[in-house]
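Colleague: I have a structure here, written as structure tokens, and I will follow up with some questions on it.
The values are calculated or read from the model by the stated rules, or taken from the named source; none is laboratory data. Just so it is clear, the model here is predicted, and its values are computed rather than measured. Cβ atoms come from the backbone with ideal geometry, glycine included; neighbour counts cover every protein chain shown.
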Amino acid sequence: MTLLVFVGSLLAAMAVGIPISFALLVCGGALMAYLHMLDPQILAQNVINGANSYPLLAVPFFLLAGEVMNVGGLSKRIVNVAMVMVGHVRGGLGYVSIVAACLLAALSGSAIADAAALSYLLLPMMMAAGHDKARSAGLIAAAGSIAPVFPPSIGLVVFGVIANVSIAKLFFAGIFPGLMLAASLWITWGWLARHEKIEPPPKASWGERLRAIREAAWALVMPFIIIIGLRMGVFTPTEAGVVAAVYAVIVSTFVYREFKFSQLLEVFISAARTTALIMFIIAASAVSAWLITVANIPGQVVGLLSPLLDSPRLLMACVMVIVMIVGTALDMTPTILILSPVLMPLINAAGIDPVYFGVLFIINNAIGLITPPVGVVLNTVAGVGKVSMDSVTRGVMPFMLVLFIVMFAMVMVPELVTVPAHWFYK
């Protein structure tokens with residue numbers, strides 16, 4: 001009944017047009033009333049505590065890096081590399097989105113930043129070329145969800161800290177599954193766009209491809225700086241965001257010379273606005289997260305799953321379904337903070353590899369970013385791309401379904417994750 005009150009009040013609030021962040025506060029208040037503990041002071045305190053997290057400092061810095069990359073030409077050059085490589089095939093702009101999303105994922109580690117950059121750079125091009133607007137926006141949103149799976153991923157770092165699992169191993173274990181998700185989007189886009197009669201641009205010569213790679217070299221080096229720095233312990237993930245932002249400013253200003261210091265204030269304001277939107281949603285979700293914990297819903301769930309300890313695959317499937325449901329209402333960080341400590345004893349008791357579980361857990365949460373009704377990435381694409389939320393939601397559905405299918409394939413065949421992971425970190 002508690003879960004019904006939570007979900008029902010959230011959907012009802014959204015149905016009458018209340019913004020998502022305030023809808024989360026409404027459903028939190030409804031849940032507090034149901035639990036006979038309605039207190040505005042407690043609600044406000046949880047909102048503040050929800051945003052008061054050191055790892056979340058990475059959000060504004062990575063968003064700032066993304067803004068600078070957009071203005072300073074880094075993102076444009078990365079997209080150009082993808083364009084000259086795969087832009088000539090039928091439906092090429094969709095494939096460009098997927099390749100560019102993978103490259104950007106290794107730069108920012110933020111699904112929101114990647115989705116914003118791709119929406120700004122590629123969505124107008126796809127619409128101008130004649131691609132279906134809703135489908136194009138849905139593809140970009142789905143491609144943006146790859147970022148939390150690739151290193152450097154804030155989600156993997158937070159899970160590693162909370163669950164006491166090697167962050168380096170999580171990073172390496174996320175590479176191949178991230179590529180599998182990208183491949184599934186590639187195939188899905190090809191199937192959906194097969195009947196579109198859009199003339200692709202001419203195939204780029206090898207000279208043009210090498211020139212594009214050379215021009216983007218400074219941008220392509222950035223992931224290696226971040227990954228090596230994290231791997232060597234030079235800086236934390238939050239500090240990596242600072243490094244990314246500073247690197248982007250230096251390269252954009254002194255190498256590409258497309259960014260002027262006079263634009264810095266405008267970029268700061270833009271990043272701050274996006275950060276405020278994201279952080280308020282996270283803060284509002286903390287109220288519901290706290291109430292779910294108070295109501296002991298995770299504990300009740302663990303009690304229900306205990307009989308499945310002798311069947312690891314079935315247990316994993318049930319856990320993934322639960323995370324899917326939670327992901328429709330909560331953002332990634334609260335979900336990790338709430339469920340990781342509760343589920344890890346169950347996972348360890350069942351003999352499931354914690355690195356494998358961590359990657360699947362983060363993949364599920366990443367897909368949750370494009371799952372209605374909350375779907376932060378959906379809101380980002382709708383806002384930046386100036387597309388209605390209904391259109392983005394409709395367009396993302398086939399891609400979201402395929403991503404879930406791939407995730408459950410990894411549940412049924414753990415070797416898809418564990419074998420490549422051991423190749424990297426053994």
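Colleague: Given the condition closer than 27 Å to LEU25 by Cβ and aliphatic (A, V, I, L, M), answer yes or no: does some residue in the range 340-348 qualify?
Modeller: Among the residues of the range 340-348, at least one is closer than 27 Å to LEU25 by Cβ and aliphatic (A, V, I, L, M), which makes the answer yes.
Colleague: Among the residues of the range 256-273, how many are part of a helix (DSSP H, G or I) and not β-branched (Val, Ile, Thr)?
Modeller: 11
Colleague: Further question: Given the range 1-72, what helices (runs of 4 or more DSSP H) lie entirely inside it while holding 3 or more residues that are outside the structural domain of ASN379 (by TED's automatic domain parsing), hydrophobic (A, V, I, L, M, F, W, C) and modelled with pLDDT of 75 or more?
Modeller: In the range 1-72, the matching helices (runs of 4 or more DSSP H) lie at 2-15, 20-34, 40-51.
Colleague: Where in the range 108-149 are there helices (runs of 4 or more DSSP H), lying wholly inside it, with at least 1 residues that are under 23 Å from PHE224 (Cβ atoms) and assigned by TED's automatic domain parsing to the domain that holds SER388?
Modeller: Filter on the range 108-149 gives 111-121, 133-144.
Colleague: Using the structure shown, decide if VAL387 is over 28 Å from LEU170 (Cα atoms), assigned by TED's automatic domain parsing to the domain that holds LYS133, modelled with pLDDT under 85 and not basic (Lys, Arg).
Modeller: Yes.
Colleague: Out of the residues in the range 326-357 that are part of a helix (DSSP H, G or I) and at pLDDT 85 or above, state the one that is surrounded by the most Cβ atoms within 10 Å (Cβ to Cβ).
Modeller: In this case the residue turns out to be PHE357.
Colleague: May I ask you to say which residue of SER205, SER184 is assigned by TED's automatic domain parsing to the domain that holds VAL396 and in contact (Cβ under 8 Å) with a residue 40 or more places away in the chain?
Modeller: It is SER184.
Colleague: I would also like to ask the following. What are the pairs with Cβ atoms under 6 angstrom where one residue, in the range 239-255, is in a helix (DSSP H, G or I) and the other, located anywhere, is among the β-branched types (Val, Ile, Thr)? Sequence gap at least six, or different chains.
Modeller: Sorted first by the residue in the range 239-255, then by its partner, the pairs are ALA240/ILE226; ALA248/VAL68; VAL249/VAL68; SER252/VAL68.
Colleague: Another question, then. Against the definition (in the same structural domain as TYR356 (by TED's automatic domain parsing) and part of a helix (DSSP H, G or I)), how does ILE225 come out, yes or no?
Modeller: So ILE225 passes the test.
Colleague: State whether one or more residues within the range 201-221 are within 23 Å of ALA113 (Cβ to Cβ) and surrounded by 21 or more Cβ atoms within 10 Å (Cβ to Cβ).
Modeller: Looking through the range 201-221, at least one residue is within 23 Å of ALA113 (Cβ to Cβ) and surrounded by 21 or more Cβ atoms within 10 Å (Cβ to Cβ).
Colleague: So ASP132 ticks every box in (1) closer than 19 Å to VAL355 by Cβ; (2) surrounded by fewer than 24 Cβ atoms within 10 Å (Cβ to Cβ) but one. Which box is left unticked?
Modeller: (1)
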